[in-house]
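Student: Pasting a structure below so you can have a look.
The values are calculated or read from the model by the stated rules, or taken from the named source; none is laboratory data. Here the structure is a predicted model, which is why all the values come from computation and not from measurement. Don't worry about glycine lacking a Cβ; one is built from the backbone with ideal geometry, like all the others, and counts go over all protein chains shown. The accessibility values were calculated without ligands, DNA or RNA, using every heavy atom of the protein model including side chains. Shrake-Rupley method; radii C 1.70, N 1.55, O 1.52, S 1.80 Å.
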Amino acid sequence: MLNNIKELATKLAPRLIEIRRHIHSHPELSGLEHQTAAFVAGVLSSSGLHVQEGVGKTGVIGELRGTGKDERTLAIRTDMDALPITERTNLEFSSRNQGIMHACGHDVHTTLGLGTAMILSQMAEELPGRVRFLFQPGEEIAQGASWMVSDGAMEKVDAILGVHVFPSIPGGSIGVRYGALTAAADDLEIIIIGESGHGARPHEAIDAIWIASQVITTLQQAISRTQNPLRPMVLSIGQISGGRAPNIIADQVQMRGTVRSLHPETRANLPKWIEQIVANVCNSYGAKYQVNYCQGVPGVQNNYTLTQLLQSAAEEAWGSDRVQVLPEPSLGAEDFSVYLEHAPGSMFRLGVGYKDRTINHPLHHPQFEVDESAIMTGVVTLAYAACKFWQKNGVDG
Ligand code: NI
């Protein structure tokens with residue numbers, strides 16, 4: 001079975017690189033992936049899959065029906081959107097859409113989904129059940145997965161696999177992670193309301209800028225003194241605005257930030273914890289406040305059995321020296337977690353770093369590049385894991 005997959009993948013490799021470069025040079029922003037979706041639907045239909053377009057706005061589903069002896073459905077999720085970044089790679093297939101770039105490797109992900117579908121469509125007899133390919137829009141705005149789920153993408157799905165490229169892992173290697181892979185990411189807005197006055201007479205005013213600075217300092221200190229250091233969290237204020245002139249005391253400051261956490265209990269307590277600190281500081285100096293805490297995506301928690309499936313598929317295909325068990329999660333976010341509210345799943349990292357380069361630019365960098373040999377690694381791993389899935393009796397919850 002593995003040899004068959006590798007043979008099919010080797011034959012397909014030039015076509016997959018062509019597909020990846022085509023998508024790379026035509027990047028589209030989140031929620032606007034019209035051309036990409038049409039292209040994906042075309043490739044899926046010509047491979048004989050049942051195709052549904054317009055799922056979750058611009059998403060596409062391709063379903064492959066096997067021999068039907070098994071009722072289960074395995075989903076494989078890839079994402080299609082690009083970022084508002086001006087590409088600076090000088091590649092001949094650089095972005096042709098000004099100011100938009102596939103700087104997070106979603107062009108590779110889409111190619112992996114298509115390549116896996118093309119391979120498995122030629123091996124339907126190895127598939128007792130169904131494989132559903134989800135091509136998701138809007139991952140970068142952390143909404144696409146919810147759109148897909150609302151349109152029924154996870155109905156009757158028993159397990160889901162996902163992949164993200166990673167430039168700090170060498171091309172051709174794979175990273176799997178047991179348990180937490182990414183953090184929950186929530187949005188925070190704090191508004192401090194003081195009272196305007198002359199810059200020379202602070203005692204007659206309530207200085208919203210100074211109080212805002214106390215709020216930021218207190219929050220950062222409180223993390224180190226009141227949060228369990230073994231349960232990581234990060235609060236970063238990335239935006240702050242307020243004030244009108246150098247000699248007028250500001251009456252209002254707005255701050256916006258992101259809050260990342262790994263443990264659900266930590267996350268559950270954060271809104272109250274933050275509000276209390278803001279309230280204490282503001283009350284001390286007579287300011288009013290507003291705290292708007294908006295829950296974003298939860299963290300990705302990889303299922304044990306499915307992670308084992310990915311690890312064993314990758315090790316059998318490529319040898320254990322090309323498979324790393326990642327020791328640490330990331331505090332980045334990934335809306336793959338939204339699917340995990342409906343079925344167990346596991347997401348792995350596909351190395352795309354060039355081994356002979358001293359610098360591999362990170363994701364979201366205008367010079368981010370991909371070692372394309374990793375496409376072969378990715379499709380074989382996904383296709384082989386999908387075939388092996390049916391040999392398993394089930395997944396742990
Ligand atoms: Ni990404």
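Student: So, in the range 144-171, how many residues would count as being more than 20 Å from Val297 (Cβ to Cβ), open to solvent by 20 Å² or more (accessible area, probe 1.4 Å) and either within 16 Å of the ligand (Cβ to nearest atom) or assigned to a strand (DSSP E or B) (or both)?
Tutor: Qualifying residue count for the region: 2.
Student: As an exercise: evaluate Pro84 against (1) more than 20 Å from Ser45 (Cβ to Cβ); (2) modelled with pLDDT of 95 or more; (3) within 12 Å of the ligand (Cβ to nearest atom) and give the number of the one condition it does not meet.
Tutor: Going through (1) more than 20 Å from Ser45 (Cβ to Cβ); (2) modelled with pLDDT of 95 or more; (3) within 12 Å of the ligand (Cβ to nearest atom) one by one, Pro84 breaks only (3).
Student: Return the pair list, or none, for Cβ contacts closer than 6 Å from residues in the range 313-341 that are assigned to a loop (DSSP other than H, G, I, E, B) to residues that are small (Gly, Ala, Ser) and within 16 Å of the ligand (Cβ to nearest atom), at least 6 apart or on different chains.
Tutor: Leu326/Gly175; Leu331/Ala183; Ala333/Ala185; Asp335/Ala142; Asp335/Ala145
Student: What's the number of the only condition in (1) over 22 Å from Val259 (Cα atoms); (2) away from the ligand (no atom under 16 Å from the Cβ) that Ile223 fails to meet?
Tutor: Exception for Ile223: condition (1).
Student: Looking at the range 184-202, which of its residues are of a type in the set (Asp, Glu) and open to solvent by less than 20 Å² (accessible area, probe 1.4 Å)?
Tutor: The answer is Asp186, and nothing else.
Student: Let me confirm something: among Leu306, Leu310, Leu363, Leu382, which residue is of a type in the set (A, V, I, L, M, F, W, C), within 16 Å of the ligand (Cβ to nearest atom) and outside the structural domain of Ile209 (by TED's automatic domain parsing)?
Tutor: Leu363
Student: Go through (1) over 23 Å from Trp147 (Cα atoms); (2) not assigned by TED's automatic domain parsing to the domain that holds Ile193 one by one and return the number of the condition Val291 breaks.
Tutor: Of everything listed in (1) over 23 Å from Trp147 (Cα atoms); (2) not assigned by TED's automatic domain parsing to the domain that holds Ile193, Val291 misses just condition (2).
Student: List, please: which pairs have Cβ atoms under 7 Å, are six or more places apart or on different chains, and start with a residue in the range 100-115 that is touching a residue at least 40 places away in the same chain (Cβ under 8 Å) and closer than 23 Å to Lys6 by Cα and end with one that is within 13 Å of the ligand (Cβ to nearest atom) and basic (Lys, Arg)?
Tutor: Taking only residues 6 or more apart or on different chains, not a single pair turns up.
Student: If you take the residues of the range 87-132 that are in a strand (DSSP E or B) and within 21 Å of Ala38 (Cβ to Cβ), which of them is nearest to the ligand (Cβ to nearest atom)?
Tutor: Per the criteria, the residue is Met101.
Student: Which residue out of Ala287, Ala313 is under 30 Å from Cys387 (Cβ atoms), among the small types (Gly, Ala, Ser) and open to solvent by less than 30 Å² (accessible area, probe 1.4 Å)?
Tutor: The conditions single out Ala313.
Student: Those residues that are in contact (Cβ under 8 Å) with a residue 24 or more places away in the chain and either in contact with an Asp or Glu (Cβ under 9 Å, 6 or more places away or on another chain) or outside the structural domain of Asp107 (by TED's automatic domain parsing) (or both), I need them from the range 27-43; list them, please.
Tutor: Pro27, Glu28, Leu29, Ser30, Gly31, Leu32, Glu33, His34, Thr36, Ala37, Val40
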